[in-house]
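Each remark here refers to the structure printed beneath this line.
The values are calculated or read from the model by the stated rules, or taken from the named source; none is laboratory data. The model shown is predicted, which means the values in this text are computed figures rather than measured ones. Here the Cβ positions follow ideal geometry from the backbone for every residue, glycine too, while neighbour counts run over all protein chains shown. In case anyone asks, the SASA skips ligands and DNA or RNA and just uses the protein heavy atoms, side chains included. Shrake-Rupley method; radii C 1.70, N 1.55, O 1.52, S 1.80 Å.
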Amino acid sequence: MVGVSAAWQNRGFWNSENLFATAFYGGDAVRSDFGVRTLPGLALYLLLYSLLGGIFALALRGRPRSGRLTLAGILFSLVWFYISFHAIWKSVMPLVYLLYPDRPMILGHVIFGACIGRFPAHYPGGTSKPAAPDPLEPAPLEDAVQPESSPSADTAPLSGPPVAP
């Protein structure tokens with residue numbers, strides 16, 4: 001979301017990732033295009049927000065998917081946004097605090113929160129029911145009932161020379 005907004009405003013799609021790369025490279029990482037220094041910033045983004053989503057899912061596992069859970073995800077992500085961008089990054093990565101676009105970041109965190117609020121649909125131990133089998137689809141071979149057959153005189157073996165009756 002942030003990259004699309006930045007490109008729309010002619011600022012460069014990779015600005016946010018490059019800002020996060022300032023944790024490793026300082027002010028040299030501030031640029032608008034994709035470069036070698038963009039990759040660590042992108043990796044930091046993915047790692048940080050994957051961990052946040054995992055923490056949220058672990059804290060609220062076992063809850064059925066509902067609108068309340070989605071709302072909790074949105075609130076969780078907005079609280080994280082305000083704590084991180086207004087407290088943590090101010091001292092750890094000051095360029096991120098000074099140069100990030102506020103409105104697209106808020107919208108991006110709302111979308112992130114809505115996604116993590118839907119985790120029971122993707123969580124292996126979730127409360128969602130497995131899909132019902134399709135009645136038009138044939139049954140798997142191991143479940144199909146095979147009629148019992150007895151060897152008869154008119155059946156020949158599958159390999160070898162023919163047997164005379």
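Some notes on this structure:
- Residue match in the range 38-59 (condition: buried (at least 16 other Cβ atoms within 10 Å of the Cβ) and outside any helix (DSSP H, G or I)): no
- For the range 30-59, the set of residues classified as touching a residue at least 40 places away in the same chain (Cβ under 8 Å) and over 20 Å from residue 108 (Cα atoms) consists of 30 only.
- Test for residue 76: is it touching a Phe, Trp or Tyr at 6+ places or on another chain (Cβ under 9 Å), within 18 Å of residue 114 (Cβ to Cβ), open to solvent by 40 Å² or more (accessible area, probe 1.4 Å) and in contact (Cβ under 8 Å) with a residue 40 or more places away in the chain: yes
- Any hit, the range 82-91, residues being assigned to a helix (DSSP H, G or I), hydroxyl-bearing (Ser, Thr, Tyr), free of Cβ contacts under 8 Å to residues at least 24 places away in the same chain and open to solvent by less than 40 Å² (accessible area, probe 1.4 Å): yes
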